[in-house]
C-alpha cells in the first residue's frame, strides 16, 4: 500500500514539475482566462458541488466531527459564489511574474536588475475548508506556479469536485491541467510522501491547526511557509490617548476570538493602569472576556484570575485575556521579546520617540502603532489575497500574497561584455 | 567531551542571541565606528597576525596540506591590508537596517509599509581562508546581525588572532563583544552542535568545498544559504554576432577556472556551429582547454574527446569544456532545464525575441544576454560585498549581499484605527 502511495505521489510530483515550466512562462491573459473559466465552472456546477458536499457532511456527522468542523466543511450556494468571486478577484490582481526592478548600468557597462519569477511547485496541505482548494489554486496559478493540494480526508468529495472545475478551467484556457493537482487519496501516508519530494516541490504551505503544522515542521525536508502561534501583544503606554487605547484593546481582543491576529496579552504601563484598567475591564467583561492578571493587575482588579507563567505563552483563541502591568516601555519590550510568537504586536502611545523605538525594536512580522492587531491580514495590507501568514524570517514574513509565492532572479544585459 | 562541546556551543548561541538584540538596534554610526576600529586593530597587530599565521602554516605543512590550501591559509602583510580595506569598504556601504519601503495609506486609514530588519544570528561555517573571518564578521555586523564563525581547524590560530581584533573593535565602539564570536575549539562535533541550534541561529552560511556544503545540508535543522554546484551554460544562438560569441565564450571559460561562475558547458546552434566552432576551438586550445563534445561536435572537431552523459552534469572547475550542438533555442532551453545547477546561464544572440524568451524561461539565479557568466558576482552586481551565492529559490537568490542578511517586517501606523 505505502509503495503504491509513494509511486502515486512521485508521479504527481513529476507531472507538477513538468507543468510548472509551462505555467511559469504562460501569458497573463491565459492565466486570467483560466481563473475566470474556473469561476464559471464552479457556478455552473453549483448544484453538483453542494450535492457532493452533502456526502462529505453526512460522513463527517457519522464520524462525529464537531459543529465547528462541520460548519467549516459546509458549502452552500453562497459559498460557491464566494469561491467564484475570489477567483475573479485574483484574476483582477496585477501579474507579479516577469516584473523587472532596479535595472541599472554598472561601471563595467552591463545592466543588472532583478526579475520576479515563480517559485516552481507549491505544496499546500490543509484541513476541512474546501474553499481553500479554489483559493490556493488561484494564487498559485496567478503567480505562475504549479500546485499540489492535499486537503483533509473529511472534504475529499468536495475537493475532488472543485478539482474537476479547476481542471476544466485550465483546459478551457489552453493551460496544462496538471498545473493544479488535488491528491486523490485520503491515506495519511500521502502527506509524508509529499514532504519528501524535495526534487519536485519547492515550498510547502500548511493551513490548519497547530498539530498539522507541527507534524509538517518535524517531517518536512522542503522549506515550509508557516506560522505556529499568534501570541499577539498590545502595549498601552502611559503617554497614550485613553480613548484610542480602550478602542484598540477591545477591538484587538473581541472583534474575533479564534484568529491568529487577536490580542492574547495586554501590557499596560503602571502609571496609567489605575486610571485606564477599570474602564477597559468593564468593556471587556461586557463582551464576556475572562481576565487573568499579574499580581499588580490583581491589586487593581481583585476579582481577576491570577495568571500563571503558562498564561504568558498561551494562544487562547478564546474570550480570555492575560494582563500584565509593566513599569515602562523597556519592560514591555522585554516581555514581548520573551513571550511573543513573532506574529503581531502593537503599541498605543502619543509619544513619538517611544513609537519609533517600538517599531524598530520589536522583532515580529507585523509591528503597529495605534492600530488594532486585527489589521494583520493580506487583504487589509493591500496584498489582494493571502495564502497564509509567516512568522519565519527567511523569504516571506507576515501575510503572504502573490509576491510570497515568487522569487527574484538576477538578469544581466550586455552587448558582448566580458570580465577583465 | 561531546557533552562539554554541546554546553560550550549552546553558551555561544545564547550569548549571540542576546547580543543580536543589541546589535539589531545599534546606530549606523556605532556599527561603522566598530568596523573602522577593527580595521585599525588588524593593521596595528599585523606583525602578531603574520607570526601567528606562520604557526598555522607550519602545522599545515606537517599535516601535509597541499600547496593550494597552504596558499589560501597564508596571511602576509598585503592580505592584512586587504582585510582592513574590506572592512572600511563595508563601513562605507549604506546601512540596510530600518529602511522603510512602500509605506502607503489603505482604504481603512492605516498606513502599511515594510521595514528592513536583521535576520538575527548568522552562523558561518568555512574552511581555510582566515580572511573570511574578517569579511563575514563585517557583513553580519553592518547588517545588524550577531555572528557565530566556525573556521577550519588548520586556521585556528589565525582566526583567533583576527577574532581578538574584532572583539577589540567592537568594544572600542561600545558594542557588545559577543556580536561576533569565533568558535575556539577545532573539534568537528562543534559543527554538528551549531547545526542543531535552531533557537539561537537563524541561518547558516557555509563557505567551502562541496563536501562541507553537502554535510551541512544533510545535517542542518536551520535554513542554509548556499550553492552546491556552478554548472553554468553559454548558448550561442545562430543569430549571434560571432565576434561577441567568441569573446564571451572564451572569457566565461578561461578568465578563471576554479570559480563557480565559469562556463562548464557550451551549447551552440547547429546552423552556426560549422562556421563558429573552428575559430572558437582554436582560441580555447591556445589557452590549454580540453574539449569534450557531443557526436555532432566530434564531426566538426574530430580530435575532441567524446563527451559522456556524466559530462553534462559535471562542474569541472578546470580547463575542460563540454560542447553540445543543439538544433535551436528550444533544445538549448531543454538541455539547461535538465543539466543546469541553477547558478548562471547566458545566451549570445542579436535576436530580440529569443533574448526575451531566454531571460524569462531560464530558471537560474542569474540569466544573461550577451555577457560573460563571470559577471555573476556581488561586486560586479553592485551589492558592495558578497557573503556567498545562493542557488536556492527561497529568500536570497544569486549573489548575497547585505540585503540577503536582512528580512522585512510589516509596519502599520494608525491613529486609533480598529477593524470593523
Against the definition (in contact with a helix residue (DSSP H, G or I) (Cβ under 9 Å, 6 or more places away or on another chain), closer than 30 Å to residue B:198 by Cα and in a helix (DSSP H, G or I)), how does residue B:86 come out, yes or no? no
Test residue B:19 against the stated conditions and say whether it is under 26 Å from the mean Cα position of the chain (by Cα) and under 21 Å from residue B:117 (Cβ atoms). yes
Subset tally (residues that are in contact with a helix residue (DSSP H, G or I) (Cβ under 7 Å, 6 or more places away or on another chain), in contact (Cβ under 8 Å) with a residue 40 or more places away in the chain and assigned to a helix (DSSP H, G or I)) for the range B:44-68: 7
Residue A:41 within 14 Å of another protein chain (Cβ to nearest Cβ), crowded, with 19+ Cβ neighbours inside 10 Å and assigned to a helix (DSSP H, G or I): no
Report the residue count in the range B:331-345 for those that are under 16 Å from residue B:357 (Cα atoms), within 12 Å of chain A (Cβ to nearest Cβ) and either assigned to a helix (DSSP H, G or I) or free of Cβ contacts under 8 Å to residues at least 12 places away in the same chain (or both). 4
Considering the range B:212-244 alone, what residues qualify as being closer than 21 Å to residue B:376 by Cα, surrounded by fewer than 22 Cβ atoms within 10 Å (Cβ to Cβ) and more than 14 Å from every other protein chain (Cβ to nearest Cβ)? B:213, B:229
The listed residue being touching a helix residue (DSSP H, G or I) at 6+ places or on another chain (Cβ under 6 Å) and surrounded by 20 or more Cβ atoms within 10 Å (Cβ to Cβ), out of B:349, B:407: B:349
Could you list, in sequence order, the residues of the range B:352-396 that are part of a helix (DSSP H, G or I) and either in contact with a strand residue (DSSP E or B) (Cβ under 8 Å, 6 or more places away or on another chain) or surrounded by fewer than 20 Cβ atoms within 10 Å (Cβ to Cβ) (or both)? B:352, B:353, B:354, B:355, B:356, B:357, B:358, B:359, B:360, B:361, B:373, B:375
Pairs where the first residue, in the range B:130-145, is on the phi > 0 side of the Ramachandran plot and the second is surrounded by fewer than 24 Cβ atoms within 10 Å (Cβ to Cβ) and in a helix (DSSP H, G or I), C-beta under 6 Å, 6+ apart: B:144/B:24
Within the range B:359-390, the residues that are more than 10 Å from every other protein chain (Cβ to nearest Cβ) and over 17 Å from the mean Cα position of the chain (by Cα) are none
Please give the number of the condition residue A:239 fails out of (1) part of a helix (DSSP H, G or I); (2) more than 29 Å from residue A:68 (Cα to Cα). (1)
Looking at the range B:406-420, I want the residues that are more than 7 Å from every other protein chain (Cβ to nearest Cβ) and have a partner that is modelled with pLDDT of 95 or more and assigned to a loop (DSSP other than H, G, I, E, B) with Cβ atoms under 7 Å, at least 6 apart or on another chain. Which pairs are those? B:406/B:96; B:406/B:97; B:406/B:119; B:406/B:143
I'd like to know if the range A:302-314 contains one or more residues that are under 20 Å from residue A:358 (Cβ atoms) and assigned to a helix (DSSP H, G or I). yes
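Taking strands (runs of 3 or more DSSP E) that do not extend beyond the range B:94-158, which have at least 1 residues that are away from chain A (no Cβ under 13 Å)?
Filter on the range B:94-158 gives B:121-126, B:146-150.
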Where residue B:217 falls short, out of the listed (1) within 23 Å of residue B:340 (Cβ to Cβ); (2) in contact with a strand residue (DSSP E or B) (Cβ under 9 Å, 6 or more places away or on another chain); (3) not in a helix (DSSP H, G or I): (3)
Residue under question is residue B:248, and the condition is that it be buried (at least 23 other Cβ atoms within 10 Å of the Cβ), in a helix (DSSP H, G or I), in contact (Cβ under 8 Å) with a residue 60 or more places away in the chain and on the phi < 0 side of the Ramachandran plot; does it hold? yes
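The values are calculated or read from the model by the stated rules, or taken from the named source; none is laboratory data. Treat the numbers as computed from the prediction; the structure is a model and nothing was measured. Note: ideal-geometry Cβ built from the backbone for every residue, glycine included; neighbour counts use all protein chains shown.
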